[in-house]
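Worksheet for the structure shown next.
Please treat every number below as a calculation from the coordinates, not as lab data. Please read these numbers as outputs of a predicted model, since none were measured by experiment. When we count neighbours, we look across all protein chains shown, and the Cβ atoms used for this are built from the backbone with ideal geometry, even at glycine.
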Amino acid sequence: MKTEIIAAGFGGQGVLSMGKILAYAGLIDDLEVTWMPSYGPEQRGGTANVTVVISDKPISSPVLDSYDTAVVLNQQSLDKFEPKVKPGGSLIYDPYGIHRLPTRTDINIYPVAAMDAAMELKSAKSYNMIILGALLKINPIVSIESVMTGLKKTLPERHHHLLPANREAISRGMELI
Amino acid sequence: MKAEDIKLDENKIYCRPTLLNDTTMHYCPGCSHGVVHKLVAEVIEEMGQKDNAIGVAPVGCAVFAYNYIDIDWIEAAHGRAPAVATGAKRLNPERLVFTYQGDGDLAAIGTAETIHAANRGENIAIIFVNNAIYGMTGGQMAPTTLIGQKTATTPYGRRVDLNGHPLKISNLLAELEGTCYVTRQTVHTPAAVRKAKAAIRKAFENSLAGNGTSVVEIVGTCNSGWKLTPDQANKWMEENMIPFYPLGDLKNNSQK
Amino acid sequence: MKEEVKLMKGNEAIAHAAVRYGCDGYFGYPITPQSEVLETLEALMPWETTGMVVLQAESEVASINMVYGGASTGKAVMTSSSSPGISLMQEGMSYIAAGELPALVVNVMRGGPGLGTIQPSQSDYFQATKGGGHGDYHYIVLAPSTVQEMADFVALGFDLAFKYRTPAMLLADGIVGQMMEKVVLPEPRPRRTAEEIARQCPWAVTGNPSDRKPNVLTTLELESDKMEVNNRRLQATYRQIEQNEVRYQEYFTDDAEVVFVAFGSIARICLKAIEDARGQGIKVGLLRPITLWPFPTEEISRLANRVKGMMVVELNAGQMIEDVKLAVEGRVPVYHYGRMGGVIPNPQEVFDATLSHFPFLKK
């Protein structure tokens, strides 16, 4: 079992930390993981992306040319990564702000209105967790329990009161699929 | 006292410091470095720091300081002595760590290292010999060369429009919060030598007490570079150097 | 054991490994893409636990000279930077090599020349393996390709540095510095005591010569005959290192028709290309030099007797290929595929380039 994922969007949408949570959950599930970010000025408002590989075998390259799943959260990322989804793979996108829709027919396409859902939850910060919920519904690479354990371990104690809200956001994301 | 009694130990009033090696120095006759070396050796000895001192030697005339003073030494790259001393001192905080640098080393190529070590208040002493010229490489202009002073690279005299101004680096260092003691001395008269020695001792004591960085500038002569006899050089220094680089303490917060 | 498995960036792993190694001091200056080394060390506050000194210097020039000063006293000291900063350190590297001082320098390479880019590159291979500064010298160069190796090579680098009294470099790049992976951190070991330093490093400028003659650490020797003796001593050490410390890893080379030679993170991209090729029945393999100096010349020479060609893949315009060609001595064709300026090739691209040079591989 090996899953190769790209997550891309605007800096601040939380794609890097979503990838990190995913990778950390993989670690808890005793899987091999790599997390390779784009770094630098992209982190400060431009387009950010992260490649996450989760596998039950050692991972060779952390840099890839095609992906099982692409999570794209802006037009630029959709344009860039739609062609790079493997046939039969998945493309998850948020229609918010998207004017040119994906066109491929050999992949599974999932619009996830996460921005709307985040506004309903009145929590912009829960955005990436809604996306993560959707991703895990489509492809349960790691268990939700491991995601929550990972969050608990990586979040400082003072933020632990946010754990239920994160769990709720994941559930909300799963409902959107 | 009979003439032969002069050799008796009890009649001895002066001797070579035991830490000053019995090696012929490469310094030119009349150069200030020899006296400053002697003072450093004497102070280390008198403070009982022989087995607790690390000297950091520069590039410049004093590059061979390690051949003359019998303690542990590190020879630094040009200008880097304060950084080297920072590394040595931070990792060996109980040691007496000092640099011995000339004007080119400290105030030109090593300005950044000097200012930042002093600004961090590294507990090191900096012995800075300012003779307004590059002696080792054959008498070129130093950052401290005076206006109008002739050197190999200012053959018609230093000009402000071409070469900028002589750098009063000690005044600059005295402004920094990290320095506790900045003083300017000379070694061209017996009285000056005594004062310079007291200054070096104070600097070393500050380092051991953890008071911050101490800087002892010694305005010195370079009669070879200045193309003067030793006697003329002393006179030239008094008439030209000291008015521009006035002697005395620029800062003394030693009693912390 | 499972508790000890961590998820972290290569740069963070270096910082943790340094503290656990019993490193005495780190001196560094921020530069992307390696600033996490200093940041992590400052957050770990090792001065409160092991007594390790951590200092942000005013420049890379100062950093490397602080390393020189600390290493002179027999302490285990290190710095880290990225390409432009490492260029600034070349003077100090030459002094540290000449002074026969153990020290660890980490270069998380980014694209050059000049200010270049902050994206990953391997274009400092020449600088790292041929000396870099002035004079005839080398230092041991280790090329980590995983976060685990970033952690492990800290101890390996220090141990080799002390064994041979030479600086060692961890030559990483922005990929392995920035990526997160699972890592098992080494067991903590205590810092060396003053007694151990006195015993292991009798040359050290400890400032306490009570039971020995004073030690002087200098790289200056104006008498040519004596300076040549110093050079010969350095060269003798280098021959010993070349004999004893060559490290590399081979993958699928047993029946390979074409062998990739690649180091660091790019070796992993090649490995992915090889996995894909093997899936199509194409016989390609990989030799990954772990030590770039000393270089695995003998093993590459041995491979040259039984493969049809070699493919050197680097994040540069062709640097390591020169050493591969010296090892191959013209017996089989050696081609290069490289990307520059921070561009990372993907496995498909590497595979396509290989097929274009070795069309017989196509089934």
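Couple of notes before you dig in:
- The share of alpha-carbon pairs in chain C lying farther apart than 36 Å comes to 22%.
- Against the rule of thumb 2.2 N^0.38 Å, how large the Cα Rg of chain B comes out: 0.99
- Note: relative contact order over chain A, using C-alpha pairs below 8 Å and six or more positions apart, is 22 percent.
- Enclosed volume per residue, in Å³, of the convex hull spanned by Cα atoms of segment C:121-264: 177
- Sequence-distant residues sharing a close amide H with C:V216 (under 5 Å, placed H): B:W73
- Within 10 Å of the Cβ of each residue in C:20-27, the mean number of Cβ atoms contributed by other protein chains is 1.
- Protection-proxy order for peptides A:51-60, C:16-25, each taking the mean of Cβ atoms within 10 Å per residue, highest first: C:16-25, A:51-60
- Shielding score for C:51-59, defined as the mean number of other chain Cβ atoms within 10 Å: 4
- Alpha-carbon gyration tensor eigenvalues x 5, square-rooted, for segment C:215-289, Å: 45, 12, 9
- A viscosity of 1.002 mPa s and a temperature of 20 °C, combined with the Kirkwood radius over Cα pairs in Stokes-Einstein, give a translational diffusion coefficient for segment C:250-361 of 158 µm²/s.
- Computed 3J(HN,Hα) for segment C:203-214, one whole-Hz value per residue from the Karplus formula 6.51 cos²θ - 1.76 cosθ + 1.60 where θ = phi - 60°, is 7, 5, 7, 7, x, 9, x, 3, 10, 8, 6, x, glycine and proline marked x.
- ³J(HN,Hα), Karplus 6.51/-1.76/1.60, whole Hz, each residue of segment A:137-143, x for Gly, Pro: 5, 5, 9, x, 5, 10, 7
- Shielding by partners - mean other protein chain Cβ count within 10 Å, residues of C:208-214: 5
- Computed over chain A, the percent of Cα pairs more than 20 Å apart is 49.
- When each of C:K75/C:K163; B:K150/B:K235; B:K195/B:K227; B:K50/B:K168; A:K20/A:K125; A:K86/C:K272 is checked by Cα-Cα distance, pairs over 22 Å: B:K195/B:K227; B:K50/B:K168
- Convex hull volume of segment C:99-176 per residue (C-alpha atoms, cubic angstrom): 81
- With the gyration tensor restricted to C-alpha atoms of the protein assembly as shown, the semi-axes of the equivalent ellipsoid amount to 59, 30, 24 Å, longest first.
- Chain A - mean residue ellipticity at 222 nm from DSSP helices (-39,500 (n - 2.57) per run, n ≥ 4, rounded to 500): -11000 deg cm²/dmol
- Nonlocal amide H pairs with B:T221, under 5 Å, H built at 1.01 Å: B:S32
- Other-chain or far-sequence residues with amide H under 5 Å of B:I69's (modelled H): B:N21
- Karplus (6.51, -1.76, 1.60) ³J(HN,Hα), θ = phi - 60°, over segment B:119-131, in Hz, Gly and Pro reported as x: 5, 6, x, 4, 7, 10, 10, 10, 9, 10, 9, 10, 10
- The packing ranking of peptides C:300-310, B:126-136, highest mean first, is B:126-136, C:300-310, where packing means the average number of other beta carbon atoms within 10 angstrom of each residue.
- Greater than 29 Å apart at Cα, pairs in A:K2/C:K130; A:K57/C:K283; A:K80/A:K152: A:K2/C:K130; A:K80/A:K152
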